[in-house]
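The numbers here are math on the coordinates, done by the rules we state, and not lab data. Remember, predicted model here, so these are calculated numbers, not experimental data. With ideal geometry, Cβ positions are generated from the backbone for all residues, glycine too; neighbour counts draw on all protein chains shown.
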Amino acid sequence: MRRRLLALVLALATAAGVSSAPVAEAAPAAKHRITFDKYSLMLDGHRQFLWSGEFHPFRLPSPDLWRDVLQKMKATGYTAVSIYFDWNYHSPAPGVYDFTGVRDMDRVLDLAAEAGLYVIARPGPYINAEVTGGGFPGWLATQQGTARSDAPDYLAAADEWLTAIDRVIARHQYVDGRGSVVLYQIENELAATGVAQQNYITHLYDKVRADRISVPIFHNDRGRNGIWVPPDSGVPGTVPGKVDLYAWDTYPGGTCRPDATPGPPNNAPDWGLYGPGGAKGGASASPNTPGFTAEFGGGWFDYWGSNGTYPCTAVRQGPGYERVFYGTNIANGLTIQNFYMTFGGTSWGWLPAPVVYSSYDYGAAIDEGRQLRPKALTMKELGYFLQAVPPITKQDKADPVTPSSTAVKVYHNVNPDTQTHFYLPVHNPSKATTNDVFTFPVSTPDGAYTVPQAGTLRLDGQDAKHLVANFDLAGQHLVYSTSEIMTSVAGTVLLHGRPGEDGETALRYPREPKVEVLAGNVTSTWDAGRGDLRLNHVHNGLARVRVSGGGRPPVTLLLADSPTADTFWRLGTAAGPVLVRGPALLRTARFHGGVLALTGDTAQAGDLEVWGPGARISWNGRPIRAWQTSSGSLLTRLPGPAAVELPALTGWKQAAGSPESAVAYDDSSWPAATKTDTASTTKPPAGQPVLTADDYGFHTGDVWYRGHSRDPVPAQLSLDYGAGGAGMLQAWLDGHYLGRHVLPSALPAPPTSGTATFAVPAELRGSGDHVLSVMVRNNGHNEDGDVNDAHKEGRGLISTTLTGAAWKIRGGVADPVRGPLNNGGLDGERAGWSLPGYPDGRWAAAQVPAATAAPGTTWYRTNFTLDVPNGHDVSLGLTIGDPATPRSGGHYGALVFVNGWNLGQYLADVGPQHTFVLPNGILDPHGRNTLALAVTGDGGPGNGLETVALTNLGTVRGGVAVRLVDSPRYRPRPGG
Ligand code: GAL
């Protein structure tokens, strides 16, 4: 209850009000310590490798699915999650903040802690993030003061937000023993560094501390420029500011070509131990703090009008990229790495910034439909490796290593305390993708070797390998291995390498051990002089070797090829870690009452093999029978998912939805657009009224104008408007359709405003009563990345050549449950046509696909019932038109409402998105759902709604329990 109350924060704008806020909680005594040095962050003195993925809860409007994503991150080796909090998502108006339902940020922070992930909290106030206004609420566009500066009106607004969100974050700090937040970011990519910004950064730091945030604070530098480093850094050329840590972002991974095929790889940067030094690159922008990438590319966003690059990005920035680039970061000693994005999700409703369309899939490790991509499994290899080898949290450069081939370079580091050596062979240069065989010298307290001693070691294609020498692992002593360590549990070690490549592993024993090859083809050689057991094999499926009796505890070595290694999962339990082979996902593991209770997903029938505590297992709550194997594991089989049938979408109804275009339409209740002053950067010409929608409180989606005039109409009507990327305008003069204008989608910086010009037929031009009806679709406010108030570019009409007109304006009403970004001002939205339960019985039956259409907006509605088998997670999408082509060419678009939630925008002639992810929770997988499409276009043949169908984006047996998200139904307004 207390949490509930606290979640409903109504923050008041004054600083005094903030500090004396009645719900402020007493700061609990610190229970844990967070410290750091140049190597790493330490929690209660224990060094950490923060391996973090970016996740935006506001891009997944189904809180139970937050648990799904966070469990998937934990299972694939991440130790932390980085979360932007979007001011705009919570604040429909000054002083109003909402943290309920899909905006319940206490919930996501609880779930992160539950999943065992640390949290990097990033509440802005400015976040960029390809969200409208870069996170600024629409109402901030009406402020006079420069945003992201020390302007008093801006600072008061920023404080208002921070008061609200800090109250949430402060409840989840690791230091207080109440959560897992370990780091906190102020601002984002504040590249202006004048006095106004220095004051601003100081103000933010002090404000956040006053709000009882006690974890280390950092800023995210746009590139490795040394901007906002801690005051004591002392590096010439850097810009000090009031922060505790220095962090930066970078997206160096190479991109996809416009035709959506992968461009060539890039070289991986050395921004740490191996950098040239100095403020710009190198190790020393902040010599006393850990190397910290607040964002390192985990994909890239895609633009309106592209050819659809997400699948390509997932390949270009796929496994090879991850190994080379993230590996190079590891070799450079960067021990806090966050990958942006790890789950991109959906910029649903009017969340997108002008640059992006609804899907924010990002080519990320977890796709928009919540499926693990191959690159997620490579992340698992890397994340598990980092957890398996704690000495990697403290690395110094070691003696240079010269490999036998000049086509290869080998990074060589050592932990000064344990003398564990780390080698990272990559191509020379690292963008090369040749197939090169090499040897390299290993010299540790165990002796000197040329590695490998038998067989070959190679780099084939975009690849890098984390090789370790002189390391104690699961009771064994590893002299070196040319296989990579993936993980270990008591008595079992998992090593892996690329399929078909040789592996050589040397282990040291006091006396000759017994070697049993349980599976596969592995040769062993005993070097009595050194006490080395050398195992040689080819990585191919899964070889198993039992080593015992050498004076060390027995061990099972699992020697896998990397794809087979990717079928393993590891999680901790109170009784020690568990290693699992087989299922598509291991979500949770608990040891309780002698039973190892596992939960997870299967995508097909197959093995479940378990190395862990106890002899009894349950899977998804059911006890299962399993057999002991010679590998020290328990083995059984799990069923795959049942078949899933999706209903066809039929029974469509339709209704016309642009009544505002009619001459006789009654706009007497609409506000008059009579303002003469605006804070927007797009002022109207002298003498004309301010028309920009924000000035009248309409910040999102579609806005309608009606201009009344008695003057003759010019032969050419020009309408200046602002609408964001691929935004558009439709106009009618005296009920006659003039046309539609769509802002061009020039990549990668589409214009966000433009001029629509319409020829006016002679018979409409004479004097007398005229009404010009205009709808402007606002595809988002600009981000303010360059600190130039770009978010204040006007939206809606800016000026017209119907100069004598008196204007009325009307936009949307915020949905109190679905939030400020769900709705714009379409007549149908205002009348509840997007909602479940709307009585559409009298609407006309509709044909979908539709051969033709009327100009303006036509609403289509249907209901469908889903019957997904219990205990399954089926991820569904809605597909409009033919996904094989990025643009169908029809001059129309559609807003997709499912159970009243605006889940995206289709633009047939802009593209590229055809499939819209429908998250469970919004969707009822076991019941009736309402689909409403607001189809807006030119009308005429070829411009009608194309085929509409449900698409299965992935089925597993398993998943998390998903409760339905509150989706209020249509309720007639009092009085009819
Ligand atoms: C970064 C920025 C993020 C996001 C990203 C690109 O520069 O900090 O917010 O915009 O670029 O997706």
Completion exercise
Quarter of the surface of the C-alpha convex hull for the chain, i.e. direction-averaged projected area in nm², equals 39.8 nm²
Problem - Positive dipole terminus of the chain, leading residue within 697, 839, 475 (C-beta point charges) - result: 475
Practice task
Give me the net charge of residue 797's neighbourhood, meaning all other residues with Cβ under 14 Å from the Cβ of residue 797; Lys, Arg count +1, Asp, Glu -1.
Solution key: +1
Practice task
Report, please, the projected area of region 661-816 averaged over directions, based on the convex hull of its C-alpha atoms, in nm².
Solution key: 9.8 nm²
Problem - Charge sum, other residues only, whose C-beta stays under 12 Å from residue 921's C-beta, Lys/Arg counted +1 and Asp/Glu -1 - result: -2
Handout entry: Antiparallel content of DSSP bridges confined to region 289-414, in %, to 5
Key = 50 percent
Completion exercise
residue 232 and residue 401 label points (each 7 Å along its Cα→Cβ direction) are spaced in nm at 3.5 nm
Handout entry: Simple Cβ-charge dipole of the chain, Lys/Arg +1 and Asp/Glu -1, about Cα centre, in debye nearest 20
Key = 2120 debye
Practice task
With 10 Å bins from zero, work out the P(r) of region 528-653 over every alpha carbon pair and list the percent per bin.
Solution key: 11, 35, 28, 14, 7, 3, 1, 1, 0
Handout entry: Between helix 105-115 and the chain: long-axis angle, C-alpha atoms, 0 to 90°, nearest 10
Key = 20 degrees
Problem - Positive dipole terminus of the chain, leading residue within 754, 731, 623 (C-beta point charges) - result: 623
Practice task
Report, to the nearest 10°, how far helix 152-170 tilts away from the longest principal axis of the Cα atoms in the chain, using its own Cα long axis and a range of 0 to 90°.
Solution key: 50 degrees
Exercise for the section: State which stretch of the chain is the longest one without any exposed trypsin sites (Lys or Arg not before Pro), exposure meaning a DSSP loop state and at most 13 other Cβ atoms within 10 Å. Expected result: 34-510
Problem - All-pairs alpha carbon distance profile, region 114-175, 5 Å steps from 0, percent - result: 4, 15, 23, 22, 16, 10, 6, 3, 1
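Which order results if 202, 564, 342, 556 are arranged by neighbouring Cβ count within 10 Å, fewest first?
Neighbour counts put them in this order, fewest first: 202, 564, 556, 342.
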Practice task
Report, to the nearest 10°, how far helix 195-210 tilts away from the longest principal axis of the Cα atoms in the chain, using its own Cα long axis and a range of 0 to 90°.
Solution key: 70 degrees
Handout entry: Virtual spin-label span in nm between residue 178 and residue 195, 7 Å along Cα→Cβ
Key = 4.0 nm
Handout entry: Two-decimal log10 I(q)/I(0) for region 754-833, as the Debye equation yields it once each C-alpha is a single scatterer, q = 0.11, 0.16, 0.20 Å⁻¹
Key = -0.47, -0.87, -1.09
Exercise for the section: Just add up the charged neighbours of residue 92: K/R +1, D/E -1, any other residue whose Cβ is under 10 Å from the Cβ of residue 92. Expected result: -2
Handout entry: Calculated FRET efficiency for the pair residue 851/residue 788, C-beta based, R₀ 51 Å, to 0.05
Key = 0.60
Problem - Segment residue 635-residue 842, length gained on full extension (0.36 nm per residue, minus Cα span) - result: 68.5 nm
Problem - Compactness of region 867-976, expressed as Rg and Dmax over alpha-carbon positions, Å - result: 16.0, 49
